[in-house]
Amino acid sequence: MLKKYTAKFLILLTLLSLTSCFEILEEVNLNKDGSGDFTLTVNLSQSKSKITSIMLLDSVSGHKIPSKKEVQKGMNDVVTYLQKTEGIYNISKKEDYENYVFSVRCSFKDITSINKLTKEVLSKQKVKIESYNSYQYNTSKEIFTKSYTYDPEILKQYNKLNLDSKKVFENALYTSIYRFYKEILSVSNTKVKISKSKKAAMLKINIIDLLKGTSSSNTKIQLAK
């Protein structure tokens, strides 16, 4: 995923490794014409006591701990960038510093508008991403596709962590939820669960499996004709 690592990525990985559990959640609400809403949430609430303690420190493992003010500025920078991105509108953010839950939400005219969202946002923070999630929606065939290309370089960074830090990722989750305007006919990924209404699908993947490349979030969803 990352070809060239930077100090900010190292800080992020270090901070996450110091928590006892965390979840990254992506949500896509798709309309018939290919427009919709996208939300990305980082939920550290199960580790809020430990994070509160960490935030009181100046540094951990030689890396500077960001202050609340610095975190707020980072969130504001993301919103400012999104406001200038073509095809994206209705941008909002939520910051819960009591439970440590952070999210950014936006609407898109076409789902391909968010394909380079992660890459571009992190590039503003001097983090270079060579691969990222890619979304497509064929309006005539009513097929939704989410693709992810694995880069083994991310595993090298994970392997540099100590044993205790590595254990944290065993409970960390990356959850994807996709909601549609009509029922789902079929799903290519056998790990995807379809809701009772058949209008939503959910995929939960252990983040350590993503780091090791042993699990894939690639999904093709065919909607009912």
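The values are calculated or read from the model by the stated rules, or taken from the named source; none is laboratory data. Given the structure is predicted, the values throughout are model-derived calculations rather than measurements. We place every Cβ from the backbone using ideal geometry, glycine too, and count neighbours over all the protein chains shown.
Structure values in brief
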item: One residue from Lys196, Lys182, Lys160 being in contact (Cβ under 8 Å) with a residue 24 or more places away in the chain and either part of a strand (DSSP E or B) or of a type in the set (Lys, Arg) (or both); result: Lys182
item: Considering residues of the stretch 170-182 that are at pLDDT 95 or above and among the charged types (D, E, K, R) only, the residue surrounded by the fewest Cβ atoms within 10 Å (Cβ to Cβ); result: Lys182
item: Unmet criterion (only one of (1) more than 20 Å from the chain's Cα centre (by Cα); (2) more than 19 Å from Phe108 (Cβ to Cβ); (3) not small (Gly, Ala, Ser)) for Thr139; result: (2)
item: Selection count, the stretch 136-152, where residues are surrounded by 14 or more Cβ atoms within 10 Å (Cβ to Cβ) and either in contact with a strand residue (DSSP E or B) (Cβ under 6 Å, 6 or more places away or on another chain) or closer than 20 Å to Met202 by Cα (or both); result: 9
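Here's the yes/no breakdown for (1) modelled with pLDDT of 95 or more; (2) buried (at least 16 other Cβ atoms within 10 Å of the Cβ); (3) within 20 Å of Gly34 (Cα to Cα):
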position: Ile184; (1), (2), (3): yes, yes, yes
position: Asn206; (1), (2), (3): no, yes, no
position: Ser217; (1), (2), (3): no, yes, no
position: Ala224; (1), (2), (3): yes, no, yes
